[in-house]
Structures are given as structure tokens and as C-alpha cells.
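The values are calculated or read from the model by the stated rules, or taken from the named source; none is laboratory data. The structure presented is a predicted model; accordingly, all values stated were derived computationally and were not measured. Neighbour counts are summed over all protein chains in view; Cβ atoms, including those assigned to glycine, are modelled from backbone coordinates with ideal geometry.
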Amino acid sequence: MAETKPYRILHDQVMARPGAIERLAALREETLEEIALFELRRSLDLSQTDLANELGVSQSAVSQLENAHDPKLSTVREYLARLGAQLRLVAVFNDGDEERSVVLHIGEGPPRNE
């Protein structure tokens, strides 16, 4: 039977490798580029019940939102605000070899003349 090693020993071995800190930082950044709502909540050490209390809704309502396939933007905006974040929508256009992103403003006051 194979012997298991404690996590701390494995962690220290990985961190001792050249470039480990940079590789892990890059992986962390890549992971945060796309994250599910429940993963974001968990990363902040909040339970569904804690967040539900902040939002003034039931725990099951938070669960339903986190698993929804087509949630309302206003609901997601409030959820994120309670986590200390802002909702930004980005339209991405793929024009052949070039990708172009445009930030969308929906329901945040009158359109800006820029």
C-alpha cells in the first residue's frame, strides 16, 4: 500500500521548485477569470445562510440563484454588491483574428455621451 504524505510536506515540495510562486499566481489569475457565483461566495468564506441574511432572503433563494441558468441581472447585481463586488457586462466581438470587448451599461442611469 502506498504511503501518503501530509499536505504540508507536499506543499513545501511544490513551493521549493523554481518558478512555483509565479506559476501558481498565473493559475490563480486564470481561475478567477471565470468563476461560478457559489465559488466566489465560498472564496469569501460565506455560507449561503450568511449571504441570505445579508440579502434578506431565504437560504434556498441563494441556492436557486447560484444554480440558475438565466438569472435576472438585478438579482445578480445585488448578490455581488453584498459580496463587495460590482457587476460589469462585457460584449465580446470576434472579428476574425482580433477580439474586441465593449463594456455594457444596463439600467445604470442615462447613457453616457463619450
Cβ pairs under 6 Å, 6+ apart or interchain, first in the range 53-72 and exposed (fewer than 15 other Cβ atoms within 10 Å of the Cβ), second hydroxyl-bearing (Ser, Thr, Tyr), ordered by first then second residue, are GLN59/THR49
In this structure, is LEU87 touching a residue at least 12 places away in the same chain (Cβ under 8 Å), surrounded by 14 or more Cβ atoms within 10 Å (Cβ to Cβ) and outside any helix (DSSP H, G or I)?
yes
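Within the range 24-83, which residues are outside any helix (DSSP H, G or I) and either over 23 Å from ILE106 (Cβ atoms) or within 10 Å of the chain's Cα centre (by Cα) (or both)? I'd like the intermediate steps shown before the answer.
Within the range 24-83, the subset outside any helix (DSSP H, G or I) is 34-36, 44-47, 56-58, 68-72, 83.
Selection gives GLU34, ILE35, ALA36, LEU44, ASP45, LEU46, SER47, GLY56, SER58.
For SER43, state whether it is within 28 Å of HIS11 (Cβ to Cβ) and either among the hydroxyl-bearing types (Ser, Thr, Tyr) or in contact (Cβ under 8 Å) with a residue 40 or more places away in the chain (or both). Reasoning before the result, please.
Working: within 28 Å of HIS11 (Cβ to Cβ): yes; either among the hydroxyl-bearing types (Ser, Thr, Tyr) or in contact (Cβ under 8 Å) with a residue 40 or more places away in the chain (or both): yes.
Criteria met by SER43.
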For the range 90-113, check the following and say yes or no: at least one residue is surrounded by 11 or more Cβ atoms within 10 Å (Cβ to Cβ), within 15 Å of the chain's Cα centre (by Cα) and free of Cβ contacts under 8 Å to residues at least 40 places away in the same chain.
no
Provide a single number: the residues in the range 73-84 that are within 25 Å of ARG28 (Cα to Cα) and loosely packed, with under 14 Cβ neighbours inside 10 Å.
2
Go through (1) modelled with pLDDT of 90 or more; (2) hydroxyl-bearing (Ser, Thr, Tyr); (3) in contact with a strand residue (DSSP E or B) (Cβ under 8 Å, 6 or more places away or on another chain) for SER101 and report which single condition fails.
(1)
